[in-house]
Amino acid sequence: MHEEMIAYIRDHAPVSSIDLARGFLKFKNPDEKITHAAILGILSKDARCCFGNDNLWRPVARAVKTAASPRLSDIAWAAVYLLVLPENLFRPVHVSVWTVSELPELLFERWLEAPDVLPFEEQELLRSVRDTPPGRETGPEKAALLVRACETRTPVFLSWRQQALFARLVGEAGFPPADNAVLAGTLFSCCKQPAPRPLNLDSCNKALFGTSAPGGYAYKHGECFALCCQELLDMLSGKGVVLFSELEAAEQEELSALDFSGKAFSREDIVSAPQAPGVYGFKTKSGDHLYIGKAVNLRRRLMSYFRSTDESPDKLSRIRAESHFLVTYRCGSELESLVYEYRLIRKHGPILNRQVAIAERNGAFRPIDDSVVLLPHVEQDKCMSVWFRRNQKVNLRQFFSDFRDTAAMEAELDTFFFGGALPPSSTDFPEQEIAARWVKQHRDELCIVPVNRSGSGRELWEMIMSFWKDRMGDERSEIGEG
């Protein structure tokens with residue numbers, strides 16, 4: 001269905017989400033918002049098409065697809081505002097996610113705590129007129145909605161603290177947050193305008209519009225922040241900052257103000273990190289692991305720790321002060337980086353990693369059936385495969401794309417899928433959960449080989465080779481030609 005949609009867009013562009021939903025999802029009376037959310041979930045990460053400001057889908061020419069830096073006006077932005085009580089900094093009460101456009105639109109709004117946890121006066125001040133009594137959604141379900149609302153957009157956070165709060169909020173529910181965020185302070189800096197201090201919603205609104213932020217309903221706080229972000233992006237355009245690379249260059253300038261003397265890594269090591277998925281680790285001078293994380297974009301993620309800010313939360317301060325060594329490992333996909341991140345955290349027990357034990361979580365995790373997921377590899381002549389044995393194990397296995405390791409692969413596939421129960425390990429459940437959640441979120445974009453269509457390692461390997469040649473091989477050819 002995915003490929004058929006792409007072909008239809010190429011032949012009939014421009015087309016609306018409603019047209020696609022009627023033709024491919026068989027929606028009879030589609031609601032516009034629900035329809036677009038469904039189509040966006042299928043096509044959002046396919047670089048062969050794009051969704052324009054006129055709300056229509058179009059094919060993307062190869063030259064555009066491989067362009068080094070998109071225009072800021074072509075990026076789908078979102079402003080994320082978390083309502084946090086000052087005395088409980090890391091206890092969010094309400095979250096809203098907004099598109100940043102001429103007329104900001106609410107994408108997601110949810111009370112994360114029942115309003116009655118607040119004093120009555122604050123309930124009256126912050127309760128949204130759009131609020132309904134708290135539903136039955138579990139924490140992971142709320143987190144999944146948050147992640148989905150942001151993963152196809154570039155989120156803008158008011159501050160590093162709010163970005164860290166968002167990461168914790170979705171991370172504790174088992175979902176990796178997007179790491180392509182931009183801070184409001186960076187937008188001020190790019191506009192050649194000092195960020196207000198202290199940086200909060202009220203000071204931002206005063207700096208941009210000369211008035212205090214509106215009081216009252218909770219969703220108004222999010223709307224106000226979206227308007228501030230939209231104004232900053234308009235100011236950037238007026239100053240000639242139109243490419244995303246120009247925005248990144250301004251972020252890199254901020255790093256020059258920080259002191260890297262005495263460290264084994266430098267500003268240049270950070271700004272030269274690849275813009276690709278991977279795992280990174282900060283280590284102390286004595287070699288102890290301070291913090292390990294994963295990133296979809298290693299460069300942007302590492303830069304986020306060294307932006308100019310007047311904030312000093314413990315994690316940020318300690319990474320800046322105590323880190324001496326920086327280690328990075330590039331991966332071919334986000335899934336690969338997620339699994340390696342977990343394995344490294346479990347192995348080294350970094351000082352600053354604070355994760356809820358995955359084995360103690362409840363609900364939300366449903367294992368996927370026996371299958372092999374084919375993913376890109378960092379090296380052009382290789383492929384990464386992720387093997388899922390339902391309720392047993394996950395295995396990451398690379399192979400050469402010319403299939404020179406056929407004998408070894410057939411034997412390993414036989415043992416893993418057809419050789420009886422696999423010996424259990426304490427890491428099995430966490431890795432199953434991490435990998436299965438990611439696959440379910442990205443199923444429409446993946447090349448998945450079902451195991452139940454084969455009866456031996458040899459038959460399964462033949463299917464893998466066929467899938468690779470038909471889909472993954474074609475994608476690699478397009479990248480190489482571009």
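None of the figures in this text is laboratory data; all of them are computed from the coordinates on show. Bear in mind the structure is a predicted one, so any value in this text is a computation, not a measurement. Here the Cβ is made from the backbone with ideal geometry for all residues, glycine too, and neighbour counts use every protein chain on show.
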Per DSSP, the loop-located GluC sites (Glu not before Pro) within the stretch 370-434 having at most 16 other beta carbons within 10 Å are GLU379
Going through LYS33/LYS142; LYS294/LYS347; LYS315/LYS393; LYS263/LYS382; LYS285/LYS347; LYS239/LYS294 one by one, the pairs whose alpha carbons sit over 23 Å apart turn out to be LYS315/LYS393; LYS263/LYS382; LYS239/LYS294
tail above 28 Å in the computed P(r) of the chain, as % of all Cα-Cα pairs, reads 57
For ALA76, the residues 5 or more places away or on another chain with a placed amide H closer than 5 Å to its own amide H are THR154
Note, the stretch 438-447: 3J(HN,Hα) by Karplus (6.51, -1.76, 1.60, θ = phi - 60°), whole Hz, Gly/Pro = x, goes 5, 4, 5, 5, 10, 3, 5, 9, 9, 9
For 146-157, 366-377, ranked highest to lowest by mean beta-carbon neighbours within 10 Å, the order is 146-157, 366-377
For LYS26, counting only aspartates and glutamates whose alpha-carbon sits under 15 Å away and dropping same-chain residues fewer than eight positions off, the answer is GLU4
Ranked output for segments 332-345, 22-35, 446-459 by mean other Cβ atoms within 10 Å, highest leading, reads 332-345, 446-459, 22-35
Filtered hits (lysines, Cα-Cα < 20 Å from LYS220, offset >= 8 within chain) -> LYS206
Long-range amide H partners of CYS447, meaning residues 5 or more apart or on another chain whose placed amide H is closer than 5 Å, are LEU374
The answer for SER454, listing residues at least 5 apart or on another chain whose modeled amide H is closer than 5 Å to its amide H, is none
